[in-house]
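One structure below.
Rule-based calculations on the coordinates, nothing more; no lab input. Everything numeric in this text was worked out from a predicted model, so none of it was measured. Cβ placement follows ideal geometry from the backbone for every residue including glycine, while neighbour counts extend to all protein chains displayed.
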Amino acid sequence: MSKRSKNDVAEELIAHHFRVEPGMVEIYRLDDPDDAQAPIRLLEVCLHAVPMGKIMGFGFAASAEVPYTTIVAEITPSELDQLRATGFPEGWDLSAARVTRRSAA
């Protein structure tokens with residue numbers, strides 16, 4: 001288990017993604033920060049994302065740099081608008097998500 005908290009690692013990861021991706025608009029964190037066993041789950045809204053027509057999460061095993069399992073999905077702003085209109089797939093509902101926008105990153 002990492003000496004860094006899951007919340008600290010998630011915030012570092014979010015900040016890093018904003019630094020390396022200039023087209024990143026906002027990132028939604030969907031996991032329970034108090035559940036160290038649950039993966040860090042991020043839905044990233046990026047101007048440069050390849051439109052997929054659905055949310056496709058990619059899983060990453062824990063590593064020395066990110067010592068928690070992580071699931072990241074990237075969508076375009078127009079896909080986000082479409083999902084808001086039609087509904088999110090199970091597990092990707094943003095109603096309880098914590099959002100970080102580029103201006104706050």
Checklist outcome for this item: For the chain, longest principal axis from Cα atoms; helix 77-86 axis from its Cα atoms; angle between them, nearest 10 degrees, is 80 degrees
Next on the checklist: Compute the helix-to-body angle for 6-20: its Cα long axis versus the longest principal axis of the chain, expressed 0 to 90° and rounded to tens.
Outcome noted: 50 degrees
Checklist outcome for this item: Of every Cα-Cα pair in the chain, the percentage lying beyond 15 Å is 61 percent
Checklist outcome for this item: The local net charge around LEU13, scoring Lys/Arg +1 and Asp/Glu -1 for residues other than LEU13 whose Cβ lies under 10 Å from its Cβ, equals -3
Checklist entry - Once a ≥ b ≥ c are taken as the square roots of the eigenvalues of the Cα gyration tensor of region 1-54, is the result rounded (a/c under 1.5), prolate (a/b larger than b/c) or oblate (a/b not larger than b/c)? => result oblate
Next on the checklist: If I model a spin label at VAL99 and HIS48 as a point 7 Å from the Cα along the Cα→Cβ vector, what separation in nanometres do I get?
Outcome noted: 2.3 nm
Checklist entry - If you add up the charges near GLU79, with Lys and Arg at +1 and Asp and Glu at -1, over every other residue whose beta carbon is less than 14 angstrom from its beta carbon, what do you get? => result -2
Item to check | Relative contact order of the chain, defined on C-alpha pairs under 8 angstrom at six or more residues apart (%) | outcome: 30 percent
